[in-house]
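What follows is a set of notes on a single structure, which appears directly below.
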Amino acid sequence: MERIRLSRRDFLRGAGATGVAAAGALMFPCAEAAFAEEGATVDVEGASLYSKALGDDASLLPMRKAACPGPRGPIAFEDRDIADSEIASTEECEVLIIGAGIGGLMGSLKAAEEGAQTITLEKMTEGRSAWESFGAVGARFQKEQGIEIDPAQLRDGIYRAADWRVDPCAIETYVSRSGEVADFWQDMLDKGGSGWELYKFDQAPNYNGFPVIDSYVNFRMPEGISTTWLFGLYVCKELRKVAETYDNLSVRYETPAVQLVREEGGRVTGCIAKAGDAYVRINASKGVLLATGGYDANPEMMQAWVRPEDYESSTWWNPSWGTTGDGHMMGLKVGADMDSLPHPVMNFSNATPSTFVEKRVYFPGAMNYSIVVTEEGTRFANENQARQYLSNAINVQKRRGHTCFHIFDQAMIQSALDSEPSGEKQLERDEEKGHLFRASSLSELAEKAGIDAAALEETVARYNSFFEEGLERDPDYYRYTGNNVPFTGGTYYALVTNSVILATVGGLTINGDTQVLDTEGRVIEGLYATGNVSGNFYAGNYPRHIPGTSVGRAATFGYVAVEHMLKGGQA
Ligand SMILES: Cc1cc2nc3c(=O)[nH]c(=O)nc-3n(C[C@H](O)[C@H](O)[C@H](O)COP(=O)(O)OP(=O)(O)OC[C@H]3O[C@@H](n4cnc5c(N)ncnc54)[C@H](O)[C@@H]3O)c2cc1C
């Protein structure tokens, strides 16, 4: 039998991913560790048939690739030997935290409260903090408000959403510890003194296939702050303010970690960071927590590790592009294991080709009631499906060369326009960008937007017939009609839409104590991971229908990691 040597790089090259192979080789040559040993040997009796059929250059295992149109953030990871002579200074601490997003901040505050000498490094001028709400179970405020959440249902929901492709230990940690962490979070906000409060997020019933789990947590804002979304920016500013009150915690912004330091086959003892142009070694006697987030701002990593259709036609939106996968690469370089490929993403419907839709204008009504069609004028999914699933369905249509549109009418958007003073201006802005079309008839709308007019009229007439006939379920895509409305005319709108990528959520394999594991499943002593650099939690997609597990797990694991390292690495 012929035996040949195949490596991950061969796969990339063979797939014709010129850009990926070239950039990937420079950017993350050690990424192979996550896939297969470089030069792993495989039996190719079957494969050699392909090489005969397709020629020597043909890939034996073709993979489809696509260019990633997303943003490129500043990568800090350095894959080289940094000589001692390059190190300008060395510092000592007990706890080292890399990344000051929510996972890193919660870990930092926990360490500070426990009296540990702590250094937190953040690459950007602020931690990322892009979120509105999070998930928790059994928090003080939840008990006070009489909220009962079945932990077994939540555990099952998360496990199910991952198609049982993860070990349940990290899910269990989230379910059993997130309430305590939410209490700690509230205590920290109280310390800030501005009046932030956690409270219950009221969720609408779900009629489209998922139970509603009451673990959603929202924030009551202090006076003087009024925002309809991205509370995280303000909450993290408050937590930053609290962090600055501890003498034993030093949070350093614009100070990226570039490498972990691991003793040969042993403990991770710290990192090398960059302060200005100088390299600094930071030794951490108790442990190092990676809290560097995902890699949504690293197009080469997206191309290499994410399903092409998940990103190729998406929009990106974020207040910060520090999430370039540095922690993933730092972990892989010291021997960590990682979720297998492709990695899950947090994708969301309701974007235009330039950004997220303006929530205040489109969400109250138009996005809930609209139908989504292609330029062929036909629907292709249940539009009230959990956002990640509508997003997936849109991605498939885009992959097949279609344009997708939300179609709605005046009645569907009127309440938003009545309550939002900037509403009409936003519609005009979207019209100027060529994303929004409006007309007084469906045929005129179709002509303006480039949609098949006869098919669109037929689709809308058929959709209205479900209501006229009093059907509880749309017989085409099983959409519940009870909380929807038919088209009544006036002005009709077509908004060009695609998915938006919010984050990647696949990462380094952790155990229930958030310790990073190596490729043999052994603990790498001294190394922990939280949030989007950690893995063993999701597969497929981020399950948007289960409340706030992303920020919930980041905060919970940050806290649990520090607690564990301060107990000397014991549970
Ligand atoms: C618009 C939007 C809305 C969202 N809404 C929600 C929501 O409501 N609920 C929810 O659960 N999730 C939401 N998310 C997802 C959420 O933002 C993330 O999943 C969450 O912030 C992850 O937290 P984290 O601590 O893992 O990482 P991040 O918050 O991404 O923080 C990682 C930090 O590490 C820093 N860093 C990276 N590399 C280095 C390095 N080498 N050295 C030092 N620092 C480094 C980065 O600059 C960054 O500040 C939303 C995302 C977006 C974009």
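Any read-out appearing in this document is the output of simple, stated calculations on the displayed coordinates, not a laboratory observation. These numbers come from a predicted model, not from an experiment. Positions of Cβ are generated from backbone atoms using ideal geometry, with glycine treated the same way; all protein chains shown enter the neighbour counts.
Starting from 0.36 nm per residue, how many nanometres of slack lie between Val523 and Met63 once their C-alpha separation is accounted for?
Result for the pair: 162.4 nm of gain on full extension.
The distance from the alpha carbon centre of the range 233-290 to that of the range 141-213 is 28 Å, rounded to a whole number. For the modelled label position 7 Å from the Cα of Asp190 along Cα-to-Cβ, which residues of the range 112-156 have backbone nitrogen atoms closer than 13 Å? Answer for the range 112-156: 140-141.
Over all directions, what mean area does the Cα convex hull of the chain project, stated in square nanometres?
Working: hull surface 114.5 nm².
Taking a quarter of the hull surface, the average projection is 28.6 nm².
When DSSP assigns beta bridges and you keep just the ones with both residues in the chain, what percent turn out antiparallel, to the nearest 5? Let's see the in-between values first.
Details: 48 of 74 bridges.
Roughly 65 percent of the DSSP beta bridges within the chain come out antiparallel.
In percent, rounded to a whole number, the relative contact order of the chain is 22, using alpha-carbon pairs under 8 Å and six or more apart.
Taking amide H positions as modeled 1.01 Å from N, with prolines and chain starts lacking one, the residues under 5 Å from Glu525 and 5 or more places away or on another chain are Val268.
Quickly work out the Thr488-to-Glu92 label distance, labels modelled 7 Å from Cα along the C-beta direction, and quote it in nm with one decimal. A separation of 7.4 nm, rounded to one decimal place. Full extension of the chain between Asp156 and Tyr199 yields a length gain of 13.1 nm, computed as 0.36 nm times the residue separation minus the alpha carbon distance. Give the separation of the Cα centroids, the range 311-353 to the range 470-503, in Å. Cα centroid of the range 311-353 versus Cα centroid of the range 470-503: 29 Å apart. A simple rule links phi to the HN-Hα coupling: the Karplus curve 6.51 cos²θ - 1.76 cosθ + 1.60 with θ = phi - 60°, which for the range 435-441 gives 9, 10, 10, 9, 7, 8, 9 Hz, with x for Gly and Pro. Measuring nothing but how far apart in sequence close Cα pairs (under 8 Å, 6+ apart) lie, relative to its length, the range 348-501 scores a relative contact order of 38 percent. The long axis of helix 151-161 is offset from the longest Cα principal axis of the chain by roughly 80 degrees.
Provide the FRET efficiency to the nearest 0.05 for the Ser440-Glu469 pair, computing r from the beta carbons and using R0 = 25 Å. It would help to have the intermediate numbers written out before the result.
Working: r = 27 Å, r/R0 = 1.07.
The formula returns an efficiency of 0.40 here.
In terms of the mean number of neighbouring beta-carbon atoms within 10 Å, the peptides 253-265, 146-158 order highest first as 253-265, 146-158.
Quick one: angle between helix 45-54 and the longest Cα principal axis of the chain, in degrees between 0 and 90, rounded to 10, please. It is inclined by approximately 60 degrees. For the chain, adding -39500 (n - 2.57) for each run of n ≥ 4 DSSP H residues and dividing by the number of residues yields -10000 deg cm²/dmol at 222 nm.
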